[in-house]
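*Asks:* This is the structure I have questions about; it appears just below.
Each reported figure results from applying straightforward, stated rules to the coordinates on display, with no laboratory input. Only a predicted model underlies this, so the values are computations on that prediction, with no experimental measurement involved. Note that we place each Cβ from the backbone using ideal geometry, even for glycine, and neighbour counts take in every protein chain shown.
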Amino acid sequence: MSTLCGGEILFIIFLSAGKPYSFGHPSVESVDKRFLNVSQPLNETTDAPIEAYHTVRINLLVQDFNEVQDQLDAKKRKTKGDCFGP
């Protein structure tokens, strides 16, 4: 789809248990920078409200992703600490 349409894509998949996964084309970082760069003005077109909505939604998804990742990291640290015990 990305190749046919010339678009950039980003998937963030939250599994019910385990690590969240992400995929981006051309890369997660390039798509992330494109949508999270607040200093970059939106194009003044009829699509500007849609772009603004997408930016907000992506910011919320990234925030959710980071929170889940932090929770998983904390769980791993706790589990690692339990293995060694007092």
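*Asks:* Ranked highest first by the average count of other Cβ atoms within 10 Å around their residues, in what order do 5-11, 53-59 fall?
*Replies:* Ranking the peptides 5-11, 53-59 by packing returns 53-59, 5-11.
*Asks:* Still on this model: Would you calculate the separation in nanometres between label points at Ser30 and Val56, each defined as 7 Å from the Cα along the Cα-to-beta-carbon direction?
*Replies:* In this crude label model, Ser30 to Val56 measures out at 2.9 nm.
*Asks:* Sticking with this structure for a sec: In nm, give the distance between the simple-model label positions of Asp73 and Ile12, each being 7 Å from the Cα along the Cα-to-Cβ direction.
*Replies:* Distance between the two pseudo-spin positions: 1.4 nm.
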